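Report on the structure given below.
Here, each number is a calculation from the coordinates, and none is a lab measurement. For clarity, every value in this text was computed on a predicted model and none was experimentally measured. Here the Cβ positions follow ideal geometry from the backbone for every residue, glycine too, while neighbour counts run over all protein chains shown.
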Amino acid sequence: MRIVSFPSGVTVPALGQGTWNMGEKASRRREEVRALQLGLDLGMTLIDTAEMYGEGGAEQVVGEAIAGQRDAAFVVSKVYPHNASFAGVQQACERSLRRLNIDCIDLYLLHWQGHHPLGETFDGFEALKKAGKIKAYGVSNFDLESMEDAVTHGAPATNQVLYNLMKRGIEFDLLPWCRQRNMPVMAYSPLETAGREQAALLGNPGLESVAEAHGVTPAQVALAWVLHQDGLIAIPKAADPVHLRANRAAAELQLSADDLAALDRAFPPPRRRRALDMR
């Protein structure tokens, strides 16, 4: 699997695991824990979560999944914007650490920008680093202007944004800006989410044609398209072993220049700046 490097030199696999919608139903807890553990076994060692997901429930699922194998996992979590004051960040991080049952979060993100000054939030992150509570920090759902401001206040390691074949707006300005700074971008919802948008993505004739030529599913091609790009980390959520293994196989799928051209025709890249897609 391709490896992605953070500015610090820390490396992670380009394919990780998302946990959105996990931790919301006790009846699915065991299934979700086992899914994350299978993902770890398959080499998808980056696990992304947030205090927002299941109001801490997803963090508890992650904590149970990595129990006894903390060193095998790279844990990413996110703080609510309304908790992102200097003191609020400290308190939110402590709560996340307790739910995760770990001593240190590998990468801690501001989930989106709120009313607290970013400089205050980053000062809180720096204090957490000095205290050994987090190893690095970053942001999520920041557009180019917000990122340009962010780097004047601190040293964010990444920006986590919505990105997939149907949502390519960051390619116009944000993605090149991050690449110039060797800052990885984390792509959430690389396969869209359930519903009409995912159906529109996976049912696209151009995508289906490329998938048929490779003997794989449209979802695997869509994920491979994200994974083939430098500096991109994809974090699809999957609680089904079949989907997890399919995602892992997508990381080995090689798309040709003709495949990529066909996908560009099916999902044209942006020709102008667009507002940042968010979910």
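Tabulated values for the structure
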{"item": "Extension reserve of the ALA127-ASN182 stretch, reckoned as 0.36 nm per residue once the Cα distance is removed", "result": "17.4 nm"}
{"item": "Most mobile listed residue (LEU38, LEU201, LEU260) in the chain, GNM with C-alpha springs under 10 Å", "result": "LEU260"}
{"item": "Spin-label pair ASP41/ARG271, simplified geometry with 7 Å Cα→Cβ offset, distance in nm", "result": "5.0 nm"}
{"item": "Given LYS25/LYS167; LYS133/LYS167; LYS78/LYS129; LYS129/LYS167, the pairs whose alpha carbons are separated by over 24 Å", "result": "LYS25/LYS167; LYS133/LYS167; LYS129/LYS167"}
{"item": "Distant alpha-carbon pairs in segment 140-233 (separation over 22 angstrom), percent", "result": "34 percent"}
{"item": "Computed magnitude of the charge dipole of the chain (debye, nearest 20; Cβ of K, R +1, Cβ of D, E -1)", "result": "240 debye"}
{"item": "Pairwise label distance in nanometres, MET1 with ALA26, each label 7 Å out on the Cα-Cβ vector", "result": "3.2 nm"}
{"item": "Sorted peptide list for 177-188, 101-112, criterion being average Cβ within 10 angstrom, highest first", "result": "101-112, 177-188"}
